[in-house]
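The numbers here are math on the coordinates, done by the rules we state, and not lab data. All values reported here derive from a predicted model rather than from experimental measurement. So basically every Cβ, Gly included, is an ideal-geometry build from the backbone, and we count neighbours across all protein chains shown.
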Amino acid sequence: MRIAIASDHAAIDLKAMLADWLREQGHEVDDLGPHDASSVDYPDYGYKLAQAVARGSAERGVALCGSGIGISIAVNRNPACRAALVGEPLSAALSREHNNANVIAMGARLTGPDMAKACLAAFLSTEFAGGRHERRVDKLSHPAL
């Protein structure tokens, strides 16, 4: 799978670890930055990630910042993206199964490396259930439906 990953400075170490882990799992990873620990603004990287997912250059996205909140808000500004902020694997799986989330967001200050890998594994291995959920998901991008 093609996966784009981006963070702010607070999550740079978690981003690097998850990018390496994803490659070990056989995924193609596009690290959108940042590439050092200099202070950056999470919206810039959230928007960059959202554009990659929206244009189809990545099938899924991983958005990281200190809490996961700010960058998930930035990603969700793009109507083609459905970013889910998660902290444990069940929420990650349900975000895919019920909401067809295409971006997972996590907070580096709140989620340890092993839990982040478990969340990402659940997110990537769960398919969208469709059915009754399809109409609801469609309304996320087209509120007039």
Phi to ³J(HN,Hα) by Karplus 6.51 cos²θ - 1.76 cosθ + 1.60 over the range 110-126, Hz, x for Gly, Pro: 10, 10, x, x, 5, 5, 4, 5, 5, 5, 5, 4, 5, 4, 6, 9, 9
Please give, to one decimal in nm, the separation of the simple spin-label points placed at HIS133 and ALA80, each 7 Å out from Cα toward the Cβ. 2.2
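Listed highest first by mean packing, meaning other Cβ atoms within 10 Å per residue, what order do 66-79, 87-100, 21-34 come in? Let's see the in-between values first.
Working: 66-79: 20.6, 87-100: 17.8, 21-34: 15.6.
Per-residue Cβ counts within 10 Å, averaged per peptide and sorted highest first, yield 66-79, 87-100, 21-34.
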With -39,500 (n - 2.57) per DSSP H segment of 4 or more residues and division by the full residue count of the chain, the 222 nm estimate, nearest 500 deg cm²/dmol, is -13500 deg cm²/dmol
Part-to-part distance (alpha-carbon centres) for the range 71-145 and the range 13-34, which is given in Å: 18
Where does each of CYS119, CYS65 land when they are ranked from fewest to most other beta-carbon atoms within 10 angstrom? CYS119, CYS65
Comparing VAL53, VAL62, VAL40 in a Gaussian network model of the chain (Cα, 10 Å), the one with the largest mean-square fluctuation is VAL40
Surrounding charge for ASP36, neighbours by C-beta under 14 angstrom, Lys/Arg +1, Asp/Glu -1, total -2
Phi angles of the range 98-105, converted by Karplus (6.51 cos²θ - 1.76 cosθ + 1.60, θ = phi - 60°) into ³J(HN,Hα) in whole Hz with x for Gly and Pro, give 9, 10, 6, 4, 10, 9, 9, 10
